[in-house]
Every structure is written in C-alpha cells, then in structure tokens.
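Data block below; observations after.
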Amino acid sequence: MNVLLIEINPFAPVSTPISLGYIRAYLKSKGFVPEILTLGEDSSASPASLYQYINAFGPSLVGISAYQRTMLYVLGLAKFIKSINKSIKVAIGGPQATFMPSAALREMPHVDYICRSSGEVTLLRIAQAVQEGTPFSNLSGVSYRNSDGGVHDTEHLEQPADLDRYPSPYLDDGFDYSSMGEAIMLTSRGCPHNCIFCYTPHAFNHKISFHSLNRVMEEIRWIRKKGIRRLWFADPNISYKWKRLEELLDRMLTDGLEMEMWLQTRADLVNPSMMSMMKRAGVRTVAFGLESASERVLPKLDKHMSIEKVTEAIRITQNEGIEVELFTMFGLPYETFEDGLKTLEFVKKNQVKIMGNTNSQQMKIYFGTHMSQYYEDYGIRPLNTRRQPYLSIGSQYETDWMNYEEMQTLRDLWRAESLDRGKRIVS
C-alpha cells in the first residue's frame, strides 16, 4: 500500500523534513511504500503537476504535517487530495495536531484523523487499518471521524524509550543528498522541563528518549560519505547528559569526522571544558533559550533559569570563538514594554549578532502549552474569540501588561537592529 507524507510550508525554502524521514523509514520497514513530498516557497509545483503526481502514485493514505501558520494550506491540500480520490484517507500530525481539540474534526471535513502520539507508531496503526479495509477499527493514538461523521478519541500510544527501534531516515537513502546543504539530526527526543510557553515537554510526557551513540555515529559517517559537511542537531537539550555528548564528540574527533555543527541546549548545561571540546569537534554555533532578560519576567516562566547563568554561558561560548544565538520572545506574561526593551539591550550588550534565530518574535500560544490551557490566569486576552477550533490563540492576543500596538513596536525595533532584516525567524 502506498502512503504519501507531505510537508507544506510556503513561508520557507524546501528543507529536509527529518520527522517525515523517520516516519517514511518506519513504514517502509513494515512493508508499506511511502514517499515524501515537500512543498516550500521555492517549489515549482502547480495544481496540475500535483494532481498528476498524486494520481500516478496512488496513495491510500496521506499524512500531512500541521503547524499553526500552515493550517489553512493543510486544509486546502486535504480538500485537493479528496477531489482527486475521495477514498484516500487523510491524517494530520505534528505540533498543531497533537493537542488540537477533537471538535476541530467537525470543521475539517476533508481530514479523517488527528494524530495524537508519536508519528511513527500512529501512522503505522492508521496505515494497517486502511490496508485491511477497516480504516476506523483497531486505532490508537488518534482522534478520528468515521464514515458516519462521529468523532472518536482513542488511547495514547507510547514512544519507545530506545529510539534505535526506529529505522534510520538516513541509512536507507531516503533523502536527496545532492540538494542538502546540511543534515538535520536527532540524538534524542523530549524535554523534562516545564516552561509554560513550550509544547515539547507535554508532547513527550516530560521524558527524554535516546538513540545509542553507535547509531548516531553510523549516521554521521553515512552522511559525510554522501558529501554533507554540516550537521544541525535538533535535540532540545543536547548536553542534557554531558558525558554522552562528550563521548560523541570524542568519537567524531578520533574518527576524523570533520563537520560544522549547530546545536542548542540550556545555558545551565554548559561549562568551559565542554565548550572547548565543542570547538575542537567543529561546533560553530550554540543556541540558548533566553526568552526574556527582565529579572521580573524570566523567573515566572517556570524555566528555572537566571539571567546571570545565560550571561555566563554566552561568555564561555564566545571565549571559544563559537557563535551564540539566543531565542527570545516578547509579549510574555507579566512583561511590560520596558521589560521587552531590556531583552533587546541585553542581546546587544552581550555582542550577540541579531540575525537568524536571534531575531526576536512575539510569543505564540500553541495547543499543548500550559499557557494555552490557562491563558486567562496569565493575563492573556485573545483578540480573535471566534477562531476555528483547529487554530490556537497564536499571536492574536494582548496581555494585561502590553497591548498589541506595543508588541508591533517591539517587533519593528528588533527588525531595525537585525543584520538580516528579520529573515529566518523560526516559529
């Protein structure tokens, strides 16, 4: 049975969808025939060419990655797919789907399933049900709307603690390496912390799962063999287990695997010896989450991080000649306009280049975050109270401390200081 996995993001160039790569490899290992279709701002696809491609491939199931900013495109694509063949089953997954209200299915007539659990195991259950001709039986990890229009929720599916149970998205040659400038890698998934604005801890039940270092090294060797010289480690906190990261970097150095690397971690999970080793191994950029440089705001985000600790991490990193990026936001609970200015001044004072990920943005309130569930307790006032249930509050809000116009002024101030005029902001 053919399964088509689609990522659509008209706001960015086509990039390697590592999450879909994992799902593709897993479905392939279970006997299915999966393909990935990535549509971005530089794609040349037209409705006619998409029709031709989908009709020729003949998928029985289509899975689409869903994000707040792409939801309308996702729904339009689902409608387009059903117009080609109404028997094709459509599932949405990803950050926007995991905690989306089940009632949203009533407003998404061309979507059959909302994936609630890990994409690999959830899509496999759906694919097996579709293949057996009983698409609404024996399901787990999803909410679904059956042929009678009823909406049903099923039990959660746990992700394996050992990520090596998932086949590698790289080792089965699932990507076109000729068009890749860098390879996105995951050595772990999940986060144990409780930041009120973040989706990740809740999505992974505040747990971290790991790949073995042997698996990671095998992938790095394979990627390098294919001519890729830059790695982007997407782990939320790659130095959570420092000895593990130390061993990985040491093995890369011993094997002569020279790679440029980007990674992110918490500011309280670094030290001088770690940064020295990162530098020797080829790390070029380290990103830290600052969020706010206001002493009044930061402690209230349940991040359990001090501004002094972030300052120290910046100094340690810069002393090794490694570039620093800082993730920051404005429009946070308890934050006034003056507090927002402190964050901008902090970044400038610490000589962190305002470009790429350091370009600040208004906080987005997404499904699955503590703030989304208890937004009234955080002084959040949504501006669009009649939004569709498949959309979260997002950036359409004011707070008890800052109005929408002040947030737009802060956005403009950041862009005025930006070396790339606010490009490549990751939502």
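The values are calculated or read from the model by the stated rules, or taken from the named source; none is laboratory data. It should be emphasised that the depicted structure is a prediction, and the values quoted were computed from it without experimental measurement. All Cβ positions, even for glycine, are placed from backbone atoms using ideal geometry, and neighbour counts span all protein chains on display.
Thr38 fulfils the conditions (1) part of a loop (DSSP other than H, G, I, E, B); (2) at pLDDT below 95 except for a single criterion, (1). Once the stretch 13-35 is narrowed to residues that are assigned to a helix (DSSP H, G or I) and aromatic (Phe, Trp, Tyr), the residue that is nearest to the chain's Cα centre (by Cα) is Tyr22. Looking at the stretch 172-191, is at least one residue of a type in the set (S, T, N, Q) and more than 16 Å from Thr265 (Cα to Cα)? Yes, the conditions are met somewhere in the stretch 172-191. Scanning the stretch 47-58 for any residue that is under 30 Å from Leu186 (Cα atoms), in contact with a Pro (Cβ under 9 Å, 6 or more places away or on another chain) and either of a type in the set (S, T, N, Q) or outside the structural domain of Asp176 (by TED's automatic domain parsing) (or both) turns up nothing. Quick check: anything in the stretch 107-116 surrounded by fewer than 17 Cβ atoms within 10 Å (Cβ to Cβ), free of Cβ contacts under 8 Å to residues at least 40 places away in the same chain and not assigned by TED's automatic domain parsing to the domain that holds Asn205? So far as the stretch 107-116 goes, yes, one or more of its residues are surrounded by fewer than 17 Cβ atoms within 10 Å (Cβ to Cβ), free of Cβ contacts under 8 Å to residues at least 40 places away in the same chain and not assigned by TED's automatic domain parsing to the domain that holds Asn205. Within the stretch 325-345, restricting attention to residues that are hydrophobic (A, V, I, L, M, F, W, C) and surrounded by fewer than 22 Cβ atoms within 10 Å (Cβ to Cβ), the residue that is nearest to Met371 (Cα to Cα) is Met329. Residues of the stretch 67-98 that are aliphatic (A, V, I, L, M) and in contact (Cβ under 8 Å) with a residue 40 or more places away in the chain: Met71, Val74, Leu75, Leu77, Ala91.
State yes or no: is Tyr144 aromatic (Phe, Trp, Tyr), more than 24 Å from Pro201 (Cα to Cα) and not assigned by TED's automatic domain parsing to the domain that holds Tyr22? Spelling it out, it is not the case that Tyr144 is aromatic (Phe, Trp, Tyr), more than 24 Å from Pro201 (Cα to Cα) and not assigned by TED's automatic domain parsing to the domain that holds Tyr22.
Restricting the stretch 64-101 to residues that are aromatic (Phe, Trp, Tyr) and in contact with a helix residue (DSSP H, G or I) (Cβ under 8 Å, 6 or more places away or on another chain) leaves a set whose member that is surrounded by the fewest Cβ atoms within 10 Å (Cβ to Cβ) is Phe80.
Please enumerate the residues belonging to the stretch 46-63 that are in contact with a helix residue (DSSP H, G or I) (Cβ under 8 Å, 6 or more places away or on another chain) and of a type in the set (A, V, I, L, M). Scanning the stretch 46-63 gives Leu50, Ile54, Leu61, Val62. Scanning the stretch 117-134 for residues that are surrounded by 22 or more Cβ atoms within 10 Å (Cβ to Cβ) and not hydroxyl-bearing (Ser, Thr, Tyr), we see that the one that is nearest to Val33 (Cα to Cα) is Ala127. Looking across Ser178, Ser147, Ser143, one residue alone is among the polar types (S, T, N, Q) and under 22 Å from the mean Cα position of the chain (by Cα). It is Ser143.
Filtered by the rule that a residue be under 22 Å from the mean Cα position of the chain (by Cα), among the β-branched types (Val, Ile, Thr) and outside any loop (DSSP other than H, G, I, E, B), the stretch 347-370 gives Thr358, Ile365. Within the stretch 30-57, residues that are over 21 Å from Lys79 (Cβ atoms) have Cβ atoms under 7 Å from residues that are part of a strand (DSSP E or B) and of a type in the set (Gly, Ala, Ser) in no pair, counting only partners at least 6 apart in sequence or on another chain. Please state which one of Phe337, Phe288, Phe327, Phe367 is in contact with a Phe, Trp or Tyr (Cβ under 9 Å, 6 or more places away or on another chain), more than 27 Å from Glu417 (Cβ to Cβ) and not assigned by TED's automatic domain parsing to the domain that holds Ala97. Matching residue, one of Phe337, Phe288, Phe327, Phe367: Phe367.
Each row is one residue, and each column tells you yes or no for (1) at pLDDT below 95; (2) in contact with a helix residue (DSSP H, G or I) (Cβ under 7 Å, 6 or more places away or on another chain); (3) surrounded by fewer than 20 Cβ atoms within 10 Å (Cβ to Cβ).
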position	(1), (2), (3)
Val347	no, yes, no
Phe367	no, yes, no
Ser372	no, no, no
Leu391	no, yes, yes
Gly394	no, yes, no
Thr399	no, no, no
